[in-house]
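Notes follow once the structure below has been shown.
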Amino acid sequence: MSAVITSKAPPPATGFLGFWHTFRRNKMAVVGLFMLVMAILTALFAPQLAPYDPKAITRVTIEDIYARPSAAHWLGKDDAGRDVLSSFIYGSRVSLIVGFFASMISIFIGGVIGIVAGFYGGRVENLLMRFTDVMLVIPDLPLTVVIVALTKPSLFNIIFVIGIVGWTGTARLVRSQTLAVKERKFVLRARAIGAGNLHIIRYHILPLVLPLLVVNTVLIISLAILNESTLSFLGLSDPTTLSWGQMLNFAFTRGAMSAGAWWVLVTPGLGIVWLVLGCTLLGQGLEQVLNPRLEAHHLAAGPGMVARRLGD
């Protein structure tokens with residue numbers, strides 16, 4: 001009598017390994033992560049990657065002004081005779097710094113207001129949500145332009161202003177998620193055994209709201225980068241810092257269009273598109289990974305999946 005050997009399937013991976021296994025199957029998220037990592041590495045290793053120092057003082061001749069791309073200068077030169085590729089590489093630092101730090105400020109303010117309003121409810125919720133509605137009515141970009149114009153244009157002010165203006169959407173999303181989570185049975189059981197409000201928020205509400213905050217953080221980074229580029233393009237950035245928006249501002253105000261120096265305009269523009277698109281793809285991919293119900297929803301299923309479900 002032969003013994004039958006049965007092999008059990010390995011248990012599904014949990015924690016980071018389980019998340020990475022699901023994440024790498026989402027092509028959109030992987031592409032977005034690749035684009036963002038490439039931009040971060042470019043900013044970190046700017047001194048090693050840039051062929052020239054954009055802040056170095058060199059002798060400039062007429063031939064150097066808007067010089068065309070060549071073997072020595074792959075992306076040509078600008079109106080000051082500086083290498084465009086080097087300025088582009090160093091300019092990525094400011095865009096990433098503003099994007100990351102401004103998004104942290106927005107997520108913190110919006111997360112705190114959303115959790116407090118959704119959890120406590122009543123007058124606290126009405127007061128916080130009415131204030132959020134007032135801030136939502138005011139357009140973000142004009143308000144940011146006015147505040148930055150009234151203050152000293154510096155990198156810190158730009159980060160702070162973008163951060164305190166862009167929290168409203170996060171507050172509403174977090175409030176909605178908190179309202180759904182606080183009605184679940186495990187929260188009611190925790191309250192029944194005497195758990196305090198801070199304990200419930202820290203150990204029961206926040207872990208389920210955190211994935212939403214992570215996804216929203218990546219998306220807010222792209223908005224902060226766009227706002228910083230817009231402010232720099234309008235001449236409201238710190239004149240001592242080099243950014244992609246400042247490169248576009250110099251190109252438009254110093255006759256790059258009339259001189260036909262397309263490389264001065266296209267290069268920083270493509271950098272902004274690359275970074276914003278990468279953050280957008282990564283954010284949407286993370287939303288699909290962290291919220292599997294999006295893929296399971298009948299509206300997100302393809303025709304083949306719908307046919308199989310109808311057949312079942």
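Values in this text are rule-based calculations from the coordinates and carry no lab data. No experiment lies behind these values; they were computed from the predicted model shown. Cβ placement follows ideal geometry from the backbone for every residue including glycine, while neighbour counts extend to all protein chains displayed.
A compact table of results
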quantity	calculated
Gained length - V60 relative to L44, 0.36 nm times residue gap less alpha-carbon distance	2.9 nm
Relative frequency of Cα-Cα separations exceeding 14 Å in the range 64-106, percent	55
Residue (of S103, I62, W20) at the positive-pole extreme of the chain, dipole from beta-carbon charges	W20
Calculated FRET value between D53 and K27, using beta carbons and R₀ = 51 Å, to 0.05	0.85
Distance in nm between pseudo-label sites at F156 and Y120 (7 Å out along the Cβ direction from Cα)	3.1
Crossing angle, helix 206-233 versus the chain [Cα axis fit, 0-90 degrees, rounded to tens]	20
Reach of K77 by Cα under 25 Å, taken over lysines that are not fewer than 8 positions away in the same chain	K55
Measure of compaction for the range 208-275 (Cα Rg per 2.2 N^0.38 Å)	1.38
Longest to shortest principal axis, alpha-carbon extents of the range 76-138, angstrom	62, 21, 11
Computed FRET value (nearest 0.05) for F252 with W74, which takes r as the C-beta separation and R₀ as 22 Å	0.45
Sequence-separation-based contact order of the chain, relative, with Cα cut under 8 Å and 6+ spacing, percent	26
The range 143-236: Rg to Rh, with Rh as the Kirkwood radius over Cα pairs	1.18
Aspartates and glutamates with Cα under 19 Å of K27, excluding same-chain neighbours fewer than 8 positions away	E287, E295
Inter-label distance for L141 and Y203, nm, one decimal - labels placed 7 Å from Cα along Cα-to-Cβ	4.7
Cα-only Debye scattering, the chain: base-10 log of I(q)/I(0) at q = 0.08 Å⁻¹	-0.51
The range 155-201 and the range 93-130: distance between their alpha carbon centers, rounded to Å	8
Residue-span extension gain [A180 to V134] - 0.36 nm each, minus C-alpha spacing	14.2 nm
Computed over the range 46-186: relative contact order in percent, which uses C-alpha pairs under 8 Å that are six or more apart	26
Measure of compaction for the range 71-185 (Cα Rg per 2.2 N^0.38 Å)	1.49
